Amino acid sequence: MTMGSNNKRCVSQMSTATQSTAEDPPTIGSTSYIVALLAALIGFFFSQLQELYIELNSGGDTRTSATDAVQSHTKSRAVSAFDELSGRGVSAIAVDWEAERRLQQRKQEQQQQDDEDAQQKTHELIDETVETISAIVKKYVDRNEPFVCRRCMMPESLGGWWDVDANLLDAIGADTFMPIRVAKSSTTQTDPTQFQRSSTDSNATRQMTDKSAYQERNMVASDFFSQYTDHSGRGLEISSDEHWYAAQVDVVTTLPGLLKYVASSAPPKHQLMEAVGPTPPSSHHPVTLYFGAGERTTQLHYDSLENVVCLASGGTKTFALYDPVSSSKYLYIDRSVHGNFAPANPVDPGPNHPMAKFALPSSVTLSVGDCLYLPVYWYHTVTSYEERTISINWWRSPSTQKMSVLESIFCGRQDYGAGAKC
């Protein structure tokens, strides 16, 4: 009894001591009190500095500087960069055309000086703003992460030349043959025309019973331009349920008359294009154009080159992007059968592809003058609306090291939980 009583007293004393230690606040003169006070003051000081910085940088100055070249998709200017709440946003960057012109002028002046004095040793010209934005672009490219660049095309090219079909037809030549994709128009007023590639996969074929695969035709430019905005083929004794679309037309070999206009519309060379990658070898199309009107959407697919796509004219285009890991995991990819196309439709998976619903897109809508960096191995669909649109794609070669890593991830040779049939 005595021992138990002593034990109870010991426990009671220990409990009281612990409670006293936990509840007693630090005295005003103690070290812990001074440290806590200093931490609070420092935190308040930095929060005030941050608010002052935001206020100063949100003032009337709308110029783009190196420090604000990258813009979070949560900021107001980039909120329109994503349109579906179920998807994920695409980061936005801004370029500085004044800095681009400044650097280009200095390079031209240096070239003239070199021509006058061949013995003069040249040095690489740099511009701090250009270098900073270029470095930001390279980080996105190295991470294989898409971004949108608002009003990225050369400003002078957005004055309306691309909006006039007569300008295009004059530059192309009325008798020039163009490859045209012809698909069956949608049977409803609400659904876009599906431009689907023919497939050897029996499951995919069954899913396309109401979506005829497009056909390729060669058509003279004058015939195409006379009818494509109507996208019905009326007047040329062609079935009125056809939808015409000039897609992936090689400018260099097919439409050379447009080359100078494409060059004068390109995104900034030093800040963006050179940072994305070098021009692809001659076996690939370096620049392609897409002409169309009426609601239409492309089949889910990926590109084997880096892609900078810009909207030169029209209304808007919406891209749904699927990263390589989730694509290889959820889209039932078998490249020996499907090539660079996906058999599954994440929006409407159907009974054959139930896992496709777990592939969440990053969605971005381009307006006139906007450009999208679309990395290799990112599956995507492109949806256009009723307005006539013209977009230009500049293609660039990815690095060998990057492709090797992506191939390993995509084909499941690295532990990313992915694995398409390669």
*Would you point out which residue out of PRO267, PRO286, PRO256 is open to solvent by 50 Å² or more (accessible area, probe 1.4 Å) and either under 21 Å from CYS152 (Cβ atoms) or out of contact with any Ser or Thr (no Cβ under 8 Å at 6 or more places or on another chain) (or both)?*
PRO256
_I'd like the full set of residues that are touching a Gly at 6+ places or on another chain (Cβ under 6 Å) and crowded, with 20+ Cβ neighbours inside 10 Å, limited to region 130-164._
MET153
*Run GLU145 past the list (1) touching a Lys or Arg at 6+ places or on another chain (Cβ under 9 Å); (2) at pLDDT below 90 and report the number of the one that doesn't hold.*
(2)
*asked:* Scan region 389-404 and tell me whether some residue there is touching a His at 6+ places or on another chain (Cβ under 7 Å), under 21 Å from ARG296 (Cβ atoms) and in contact (Cβ under 8 Å) with a residue 60 or more places away in the chain.
replied: no
*Hey, TYR214 at pLDDT below 90, open to solvent by less than 30 Å² (accessible area, probe 1.4 Å) and under 17 Å from PRO192 (Cα atoms) or not*: no
_Restricting to region 104-141, and then to whatever is of a type in the set (Lys, Arg) and over 30 Å from SER91 (Cα atoms), can you tell me which residue is modelled with the highest pLDDT?_
ARG106
_Within region 385-417, considering residues that are closer than 27 Å to LYS329 by Cβ and aliphatic (A, V, I, L, M), the one modelled with the lowest pLDDT_ = ILE409
*Any idea which residue in region 231-250 is nearest to the chain's Cα centre (by Cα), counting only those that are assigned to a loop (DSSP other than H, G, I, E, B), modelled with pLDDT of 50 or more and surrounded by 14 or more Cβ atoms within 10 Å (Cβ to Cβ)?*
HIS231
*Please tell me if GLY257 is at pLDDT below 90 and either closer than 29 Å to ASP175 by Cα or assigned to a strand (DSSP E or B) (or both).*
no
*Residue pairs meeting the criteria (Cβ under 9 Å; at least 6 apart or on separate chains; first more than 16 Å from VAL95 (Cβ to Cβ) and free of Cβ contacts under 8 Å to residues at least 24 places away in the same chain, in region 252-271; second small (Gly, Ala, Ser) and open to solvent by less than 70 Å² (accessible area, probe 1.4 Å))*: LYS260/ALA171
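The values are calculated or read from the model by the stated rules, or taken from the named source; none is laboratory data. Keep in mind it's a predicted model, so treat the numbers as computed, not measured. No Cβ is skipped: glycine too gets one built from the backbone with ideal geometry, and neighbour counts run over all protein chains shown. Areas reflect the complete protein model, heavy atoms only, side chains present, ligands, DNA and RNA absent. Shrake-Rupley method; radii C 1.70, N 1.55, O 1.52, S 1.80 Å.
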